[in-house]
Amino acid sequence: MQTRLDEVLVLDFGGQYSQLIARRVRECGVFSELLPHTVSLEEVRARAPRGLILSGGPASVYSEGAPRLPRELLELGIPVLGICYGMQAMVLELGGRVEGAAIGEFGRSALKVREHGRLLAGTPDEQSCWMSHRDTVFEAPPGFVALASSSESPVAALEDPARGLYGIQFHPEVVHTPYGNAILKTFLEDICGCDMAWSPESVAERQIAEIREQVGAERVICGLSGGVDSSVAALLTHKAVGDQLTCVFVDHGLMRKNEGDQVVAAFRDTFHVPLVAVDAEDRFLRRLAGATEPERKRKIIGEEFIRVFEEQAAALGNPRFLVQGTLYSDVIESGGGHGAATIKSHHNVGGLPEDLGFELVEPLRMLFKDEVREVGAAIGLPERLVWRQPFPGPGLAIRVVGGEVTKERLELLRDADFVLQDEIRSAGLYRELWQSFCVLPADLRTVGVQGDERSYGYVVVIRAVTSDDAMTADWARLPYDLIERVASRMINEIPQVNRVVLDVTSKPPGTIEWE
Ligand code: XMP
């Protein structure tokens, strides 16, 4: 095994920013994982973290069933930083005074630092910070020094360096706390004594070593989709075990223009990864013939994809290992049992189920999406693949809406989508948008007039959204002149199109895709 990286654990008390804390810690250069606050003491000990961070949470420390903080966690001999609820729970446990304030404190607050102590060292006497709480600490527990206050928080920061215990009422992880990162860094570097070695390069190195160890001399297969997750996972695996890996790229004929070629060019020609590209357009279109209902299309595509993949695996002598681009957010979601799961269940369409009989290689299991991009860039993945917007597994089939998916309609949609992407990239907006794409109502024609003649053509819908995680999304305010250029190019360049409209629905109430 290689040497372990220093780790700081974030215990999740249910706060909306808990994931963000772990991300910020990693941005500071320290590996961090989010664990439920119910984690056992043995597990924490076994992981031997350099420090603990207790997150915020929605409960009042006095409400029934409010999560308790086991005293033993504070006596492990490693530094602990409580944030918001985490601080209140610590204070309550150690004999300080926490009370429900008449007035809550939500949003920006002015922090007055009386004493900087270790935690606030190097930050100004007056600074702004982001608060979100109703209960507040009125008195620090014995042995602690109160460091700072705000208008509604008599004790907004405290510490007991001898015992390694620290607390802040405000949220250092949000951008509205300008010295938040500095405070986290002080905790990690000066207080916990972490080696700040977590970086995209170190992650890549570590994952490559781990893959090598897991796979040994066995063969590995990877379903490459062209998305950033499977691309990074595949490339890491190739760096680890070279030609023991074969990638399978299933072109179902539902990709965007030139997309298949770009994937093949990058992997086969640039990285020399053994790659089987399967042209499965005909069989997918044949199976999709007559299907108009969204879930039916998804089911057909999902099944067919698995069938094609299994055939390829068999042709390769059924390798023992399968590379999957599972991300840390998927891991947290499935382990944590948070509500999002049901809305997302259909989103695995175009992926592979877990019970195909392979052993899984999941080099991205510990990474957030933006970290996957950084790792991708660090190992030389082309920018086009690193920054590709998400694209659904069932591809353009769920963007030919309300009717049958035919080759002609897909072709038209591909051409329209190409124009949109081209203009959005030229305007420098591609990365700012979560997704931008076109939708083609399958059976809708409208009347127009072109060159003094009546036309009866297709309508193309422009859909562009901003989002952080696809759970919610806002329609993007694209510049009017950009929309105008897109519309006129589509109508001029694609003879069957005579009308272009813009979707101004956010999510909720809409979803990002139309089907
Ligand atoms: P919705 O349309 O539910 O989509 O707002 C949220 C995100 O998921 C993508 N999406 C899918 N991805 N298979 C996938 O792999 C699917 O069946 C599927 N449906 C939607 C969508 O593009 C967006 O990023």
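The values are calculated or read from the model by the stated rules, or taken from the named source; none is laboratory data. From a predicted model like this one, the values you see are computed outputs, not experimental measurements. Cβ placement follows ideal geometry from the backbone for every residue including glycine, while neighbour counts extend to all protein chains displayed. We work out accessible area using only protein heavy atoms, side chains counted, and drop any ligands, DNA or RNA first. Shrake-Rupley method; radii C 1.70, N 1.55, O 1.52, S 1.80 Å.
Give the relative contact order (percent, whole number) for the chain; include only Cα pairs under 8 Å separated by 6+ residues.
Computed over the chain, the figure is 10 percent.
Which net charge results for the neighbourhood of Gly180, defined as the other residues with beta-carbon distances under 14 angstrom from its beta-carbon, given Lys and Arg at +1 and Asp and Glu at -1?
+2
Keeping every protein chain present and rolling a 1.4 Å probe, give me the accessible area per residue for the chain in Å².
Numbers: 22370 Å² over 515 residues.
The answer is 43 Å² per residue.
In the chain, what percent of the accessible surface is made up of carbon and sulfur (1.4 Å probe, ligands and nucleic acids excluded)?
Values: 11120 of 22370 Å².
Roughly 50 percent of what the probe reaches on the chain is carbon or sulfur.
Work through the residues other than Gln244 whose Cβ is under 9 Å from its Cβ and net out their charges, Lys, Arg +1 and Asp, Glu -1.
Neighbourhood net charge equals -1.
Around Ile221, with a cut-off of 13 angstrom between Cβ atoms, what is the net charge of the other residues, counting Lys and Arg +1 and Asp and Glu -1?
-3
Output the pairs from Lys112/Lys369; Lys297/Lys369; Lys299/Lys507; Lys257/Lys299; Lys369/Lys507; Lys407/Lys507 with a Cα-Cα distance over 26 Å in this structure; if there are none, say none.
Violating the 26 Å Cα-Cα cut-off are Lys112/Lys369; Lys297/Lys369; Lys407/Lys507.
One-quarter of the Cα convex hull surface for the range 200-386, in nm²?
10.8
What FRET efficiency do you get for Asn492 and Ala110 if R0 is 41 Å and r is their Cβ-Cβ distance, rounded to the nearest 0.05?
Working from the Cβ atoms, E equals 0.10.
Please say if the range 378-433 is rounded, prolate or oblate, where rounded means a/c under 1.5 for a ≥ b ≥ c the square roots of the C-alpha gyration tensor eigenvalues, and otherwise the choice is prolate for a/b larger than b/c and oblate otherwise?
Prolate, since a/c reaches 1.5 and a/b exceeds b/c.
Which of the three applies to the range 1-52, rounded, prolate or oblate, going by the alpha-carbon gyration tensor with a ≥ b ≥ c and a/c under 1.5 meaning rounded?
Numbers: a/c = 2.85, a/b = 1.15, b/c = 2.48.
Judged from the Cα gyration tensor, the range 1-52 comes out oblate (a/c at least 1.5, b/c at or above a/b).
Mind ordering 7-15, 487-495, 357-365 by average Cβ neighbours within 10 Å, highest first?
On the way: 7-15: 23.4, 487-495: 16.8, 357-365: 18.8.
Those peptides, ordered most packed to least, come out 7-15, 357-365, 487-495.
How much FRET efficiency would the formula 1/(1 + (r/R0)^6) give for Ala162 and Ser63, where r is the Cβ-Cβ distance and R0 is 45 Å, rounded to 0.05?
Result of the calculation: an efficiency of 0.90.
So what's the angle, to the nearest 10 degrees on a 0 to 90 scale, between helix 294-315 and the longest Cα principal axis of the chain?
90
So what does Ile512 come to for accessible area, using a 1.4 Å probe and Å² rounded to 10?
10
Which percent, nearest 5, of DSSP beta bridges in the chain are antiparallel?
Bridges in the chain are about 45 percent antiparallel.
What shape does the range 41-132 take by its C-alpha gyration tensor, where a ≥ b ≥ c are the square roots of the eigenvalues and a/c under 1.5 counts as rounded, a/b above b/c as prolate, and the rest as oblate?
Oblate, since a/c reaches 1.5 and b/c is not below a/b.
Sorting check: for 77-86, 32-41, which peptide has the highest mean count of neighbouring beta carbons within 10 Å, and how do the rest follow? Could the numbers behind the result be given before it?
On the way: 77-86: 24.4, 32-41: 16.8.
Answer by packing, highest mean first, reads 77-86, 32-41.
What's the percent breakdown of Cα-Cα distances in the chain across 20 Å bins, shortest bin first?
20, 45, 29, 6, 0
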